[in-house]
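The values are calculated or read from the model by the stated rules, or taken from the named source; none is laboratory data. Keep in mind that this is a model prediction, so the values were computed, not measured. Note: ideal-geometry Cβ built from the backbone for every residue, glycine included; neighbour counts use all protein chains shown. Only protein heavy atoms, including side chains, enter the accessible area calculation; ligands, DNA and RNA are left aside. Shrake-Rupley method; radii C 1.70, N 1.55, O 1.52, S 1.80 Å.
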Amino acid sequence: MSMAQEVSEPLDPVYALLADGTTVEIRPAVPDDFDAVKAMHEAMSPDNSYLRFFNISRRSGEREARRICRDPAPGSLSLLAVADGALVGVASYVPRREQSGRAEVAFAVADHMHDRGIATLLLEHLVSLARSRQIVTFTAETLTENKAMLQVFANAGLPVERRYADGVYELTFPLPGQGDSDSYLDAVAERERRADVASLRHIFAPESVAVIGASRRRGTVGRAIRDNIRAGGYGGRLYTVNPRARQIGGERCLASPLDLPEPVDLAVIALPAAKVLDVAGQCGQRGVRSLVVISSGLDAAQEADLLAVCRRHGMRLVGPDCFGVAVPGIGLDATFAARPARAGVTGLVMQSGGLGFALVDHLSRLGVGISSFASTGDKLDVSGNDMLLWWERDGLTRLAVLYIESFGNPRKFARTARRVSGTMPVLTVQAEPAAPQALFEQAGVVTTRGFGELVETAALLATQPVPAGRTVAIVSNVSSAGTLAADASAGLGLSVHHPHGLTRRRLRTLIPAGTVTGPVETTAPVSAEAYRQCLELLAADEEVHAIVAIALPTGATGDLEAAIQAADVRVPLAAVVLTQPESVRLLNNRVPSYGSPEAAVRALARAAGYGAWRAAPRGQVPVLPDVRTEDARALVRAPASGWLGPAQAAELLRCYGIPLADLAPPGPQVTVRVAGDRVFGPLVTVDAGDSSRTARFTPLTDVDAAYLVESHHSADPSALRDLLLRVSRLADDLPEVTELDLDLGGAAVINARVRVEPYQPQDPFLRKLR
C-alpha cells in the first residue's frame, strides 16, 4: 500500500484538552473547510502572518487554504483544531520527495488562541499519524523572531537539530521509535496531566454548583443531593433548578439551566432519562463547565448523544448512572449518601456507587477519610485514569483506591499508574484474568482479593510508612496467636524475625519468663511498660522492617492498647487486638488494629510487596538497531489473515534477530507466547511446562525480561533475556501479529507458529478524550 493510499483512509475526529482544560476537536481538513481556513489566516495580524509565511501578502491565506483543503500534495496530511465551532488552529505535513521518510511540518494558530497549547497538541497528533505512515523525521523552517514556534518545538520532547542561515532556522527532529520514545511520552504525559487537572478542577474544586432535578419532596435523589451539599458546608455558590417549584427549603429555584446567573463550574443532573439530553444541551448553551449525571436508564444511542453534547460544549462528564462526587475538604457532598464522608487522605473511584458508599463509610469510620470520591457509573468520560492524574496533583491524596470493572485505555492506565505508584500506593481489588493481573503487577498496583481485604489494606497503607523489606517481628502475649501470625507470614513471603545478640539479651531482661527467639512471647500478664519497650527495642533492630503487635487484654495485663499507641516505632506497625469485634479499626487515629493475626499479616505482606516494587529499578526498553522492521511489516501485511507458513515465520523471526535452531537440544523446553490483546496490548507469557507461567505486557524493559527469566530455570539466562526483548519489539512493532508461539530449545527457537490479522494500529498514548 502506498503512502498516498494510506493517508487517503478516513480519519475519525477526536477531542482533546488544551493546557487550560478547554476541549477542542482535532480532525482532518476537507475541501469544505476552505473558507474557514482562509478566513482564519486572513484574520491573523500582520506580524503573525509574516512569521508564518515569511512575507506579508493578501494572497497568503488563500494559497494556504487551497494547499491544505483543495490541492494537498500526495501523501500529505492536514489537521484542524476547532473550539466552540470555530477554527482555531491548522497543522500539516508534506513528505519531501527528494528524501524518503522525511516530511516538512507547518502550523498556524488563531491570534486569540495563542499560549494555550494548540500547536503542541496538533504536533503530537501529526507525530502519531506520521509514525504509522513510515515518516521517521520531521523538518520545519521558522524565522528567528518566531519565539513561540521555536518554543513549541523545543518543548515537544523530541530531539531537535538546528541549522541557521539567513535569519531562518531549519529544524530537524527524528520521530520517536520503539525503545527511544520514553522521553517523548513523558513530555506528552506531563502535558496531559496539566490539561486534565485543569479540566477536572470544575468537578473537584468548583466555585459554583447547580443541582438540576431537586424536588420539593424529601427522600428523592435530587433533593438528597441538594440537601447534602447544603448540609456539608459547601462554601461556593449553590443553585437549584426545578421548573415546577419556585423555592425548595426556603431557597429560590430556577426554571431552567438557561436561567443560571453564571456559567457554573458543575451541574448535577438527577432527572428521568428522557429529559437528560435536552437539559445537558441547555447546560452547554449556558456555558456550564462540567456535568455529573446521576440519571440511569439511558440507552446506547442516548449515551452517545449525551457524550456528543458534552464534547461539543467542552463539558467534562461523570456518569451517567452514577452516585455522584464528593470532596469533603471543601464541604462538597454531591451524592445522595445517608452520611457525609470524613475529610482525609484517600482518593476513591468506583463504578459501583453502592459499594462506593460502603467503602466511604468504612474509611470515614476508621478515620482515614476521603480526599475526593467519584462514582463513575457508565464511565462515558471521566475514568480511573483521570482520577489518578487528579490525585497526583491535588496535594491531599496519599492513597489511591480503585474499584473499577473495566479500563478505557489500559496501556495509558498502566503508564499512569506506574508513575503514580512511585509516590503513593494505588490499591484495587484483584482481577481474575491474567491480563489485568499482569497489568497491575507491572504498574505497582496493590491488589486485594475482595472488599474486606481492600479496607484492611487501605487502613495500613494510609497510616503507616511503606516497609523497606520483608522481615517482620511478631510480639504477642498469647503464644498460639504468635504462631498463627508466623505461619501466615511464611505463606505470604514474609520472614519472621528471630532476635539475636544485644536485642535478644535486652528482651530477656524485659520479659525473663517469655520467649525471645521469635516470635516474641511476652506471656499473658505482661505489663504495659514492658510490652511497649519490647516493641521499641525490636523496631530499633536494623533487621526488622515491620512489627505485628498481638494483644489479648486480661485482668492481669496492663493497658496493652495504650502501650501500642505510646510506642515510639518508626517502622510499619500493625496491631492485633484479639477481643475487638471489628475486622480493622485505628488506635488513636494512627495504628491499624486488626481482629485476627492473619488479617494483619495480609495487609503487611501487600505493603511489603509494594515497597519491593517501588524500590526496584524501573528498567529501560533497549534500542535494538539490528532489526528490520520494514521487511517484517511487508511479511505480515501480505496475507489477508491466518497462520504464516514455516518459511515466512522463520523469516519474520530473522528480521528481529531471534535465533533459530535446527535440532532440539536435550533438557526442559520453554514456550514463549504472545497474545495480541486489542485492549491491553501484547502480553508475553513464558511457560516452562511445569505449571510455572509468568506474564508481562510489552514493551518489556530489561527488568521485565529479567523477571520472566528468573521465574524459570534457564541454561543461558542472558540469551533468553535477549530473545524476550526481541519478541517484545516484534509484538510492539506489528499489531497484526495476534498469536505467536515459540518453542525454545535452550535460547533458540525450534518451532514457531505465527498468526496474523489485518489491523490499523491505534496510538494508545495519543492525547485525546474517549
On the formula 1/(1 + (r/R0)^6), with r taken between the Cβ atoms of residue 115 and residue 84 and R0 of 25 Å, the FRET efficiency rounded to 0.05 is 0.90
Within 10 Å, count the other beta carbons around each residue, average over each peptide in 581-589, 481-489, and list them highest first.
481-489, 581-589
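Counting other Cβ atoms within 10 Å, which trypsin sites (Lys or Arg not before Pro) in the range 86-129 have at most 10 and lie in a DSSP loop?
Numbers: sites: 96, 97, 102, 116; in loops: 96, 97, 116.
Passing sites in the range 86-129 are 97.
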Net charge near residue 154 (other residues with Cβ under 11 Å of its Cβ; Lys, Arg +1; Asp, Glu -1) is +2
Before anything else, pin down the relative contact order of the chain: Cα pairs under 8 Å, at least 6 apart, normalised by residue count, whole percent.
8
Table column - 3J(HN,Hα) (Hz), the range 203-213, Karplus curve with 6.51, -1.76, 1.60, x for Gly and Pro:
8, 9, 9, x, 8, 8, 9, 10, 9, 10, x
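Give the ranking of 535, 769 by solvent-accessible surface, highest area first, calculated with a 1.4 Å probe.
Values: 535 0, 769 25 Å².
Result, largest first: 769, 535.
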What is the spin-label model distance, in nm, from residue 451 to residue 719 if the labels are put 7 Å beyond Cα along the C-beta direction?
5.4
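Can you give the FRET efficiency for residue 58 and residue 762, using 1/(1 + (r/R0)^6), R0 = 41 Å, r = Cβ-Cβ distance, to the nearest 0.05?
On the way: r = 42 Å, r/R0 = 1.02.
With a Förster radius of 41 Å, E is 0.45.
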How much of the accessible area of the chain, probe 1.4 Å, is carbon plus sulfur, in whole percent?
50
Quick one: grab the alpha carbon gyration tensor of the range 714-770, order the square roots of its eigenvalues as a ≥ b ≥ c, and give me rounded if a/c is under 1.5, else prolate or oblate depending on whether a/b is larger than b/c.
oblate
Let me have the relative contact order for the range 166-269, percent, based on Cα pairs under 8 Å that are six or more residues apart.
27
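Ranked from highest to lowest mean number of other Cβ atoms within 10 Å per residue, what is the order of the peptides 501-509, 11-19?
Working: 501-509: 15.2, 11-19: 17.3.
Averaged packing, sorted descending, gives the order 11-19, 501-509.
Using unit Cβ charges (K, R positive; D, E negative) and no other charged atoms, how large, in debye to the nearest 20, is the dipole of the chain about its Cα centre? Please report the intermediate quantities before stating the final value.
Working: 79 positive and 86 negative charges, 351 e Å.
For the chain, the charge dipole is close to 1680 debye.
Can you work out the FRET efficiency for the pair residue 543 and residue 703, with r the C-beta to C-beta distance and R0 = 22 Å, to the nearest 0.05? Intermediate values should be presented prior to the final figure.
Details: r = 26 Å, r/R0 = 1.20.
Using R0 = 22 Å, I get an efficiency of 0.25.
Compute the Cα gyration tensor for the range 1-117, then decide on rounded, prolate or oblate, letting a ≥ b ≥ c be the square roots of its eigenvalues: rounded whenever a/c is under 1.5, prolate when a/b is larger than b/c in the other cases, and oblate in all that remain. Intermediate values should be presented prior to the final figure.
On the way: a/c = 1.71, a/b = 1.20, b/c = 1.42.
Oblate is the answer for the range 1-117, as a/c is 1.5 or above yet b/c matches or exceeds a/b.
Arrange the peptides 40-48, 414-422 so that the one whose residues have, on average, the most other Cβ atoms within 10 Å appears first.
Working: 40-48: 15.8, 414-422: 20.2.
The packing order, highest mean first, is 414-422, 40-48.
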Between the Cα axis of helix 451-463 and the main Cα principal axis of the chain, the angle (0 to 90°, nearest 10) is 90
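Could you calculate the contour length gain from residue 661 to residue 285, that is, 0.36 nm times the residue separation minus the distance between their Cα atoms, to one decimal place in nm? Numbers along the way, then the final one.
Details: separation 376, 0.36 × 376 = 135.36 nm, distance 6.73 nm.
Full-extension gain reported as 128.6 nm.
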Tell me, what are the semi-axes, in whole angstrom and largest first, of the equivalent ellipsoid of the range 554-694 as set by the roots of 5 times the Cα gyration tensor eigenvalues?
57, 17, 15
Could you pull out every residue, at least 5 positions away or on a different chain, whose amide H is within less than 5 Å of the one on residue 586? Hs are placed 1.01 Å off N in the peptide plane, and Pro or chain starts have none.
593
Viscosity 1.002 mPa s, 20 °C: Kirkwood-radius Stokes-Einstein D of the chain over Cα pairs, µm²/s
73
Report the label-to-label distance for residue 47 and residue 141 in nanometres (one decimal), using points 7 Å from each Cα along the Cα→Cβ vector.
2.4
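Given the rule -39500 (n - 2.57) for each run of at least 4 DSSP H residues, summed and divided by the residues of the chain, what is its mean residue ellipticity at 222 nm, to the nearest 500 deg cm²/dmol? Working shown, then result.
On the way: 24 runs with 279 residues, N = 770.
Rounded to the nearest 500, it is -11000 deg cm²/dmol.
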Note, ³J(HN,Hα) from phi for the range 125-136, Karplus 6.51, -1.76, 1.60, rounded to Hz, x at Gly and Pro:
5, 5, 4, 4, 5, 5, 4, 7, 10, 6, 7, 10
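How much net charge surrounds residue 188 when only the other residues with a Cβ under 9 Å from the Cβ of residue 188 are counted, with Lys and Arg +1 and Asp and Glu -1? Provide the component values of the computation, followed by the final result.
On the way: positive: 191, 767; negative: 124, 186, 190, 192.
Summing Lys and Arg as +1 and Asp and Glu as -1 gives -2.
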Taking every alpha carbon pair in the range 125-283, what does the distance histogram look like in 10 angstrom bins from 0, in percent?
9, 26, 17, 11, 17, 15, 5, 0
Please work out the Cα center distance from the range 94-164 to the range 297-324, rounded to the nearest Å.
34
Specify the angular offset, from 0 to 90 degrees and rounded to the nearest 10, of the alpha carbon long axis of helix 300-313 from the longest principal axis of the alpha carbons in the chain.
70
Mean-position separation - Cα centroids, the range 231-261 and the range 272-292, in angstrom
15
When the chain is fully extended, how far beyond the present Cα-Cα distance does residue 711 get from residue 468, taking 0.36 nm per residue of separation?
85.2 nm
Expressed as an acute angle from 0 to 90° and rounded to the nearest 10, what is the orientation of the C-alpha long axis of helix 410-421 relative to the principal long axis of the chain?
50
Count the net charge of all other residues whose Cβ sits under 11 Å from the Cβ of residue 249, scoring Lys and Arg as +1 and Asp and Glu as -1.
+4
Classify the range 621-682 as rounded, prolate or oblate, taking a ≥ b ≥ c as the square roots of the eigenvalues of its Cα gyration tensor: rounded when a/c is under 1.5, otherwise prolate if a/b is larger than b/c and oblate if not.
rounded
When the Karplus curve 6.51 cos²θ - 1.76 cosθ + 1.60 is applied with θ = phi - 60°, which whole-Hz ³J(HN,Hα) does each residue of the range 93-108 get, with x for Gly and Pro?
9, 10, x, 8, 4, 7, 9, 5, x, 10, 9, 9, 10, 8, 9, 8
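Accessible area per residue for the chain in Å², computed with a 1.4 Å probe and the full protein assembly in place, what is it? Don't jump to the answer; show the numbers that get you there.
On the way: 31720 Å² over 770 residues.
Value for the chain: 41 Å² per residue.
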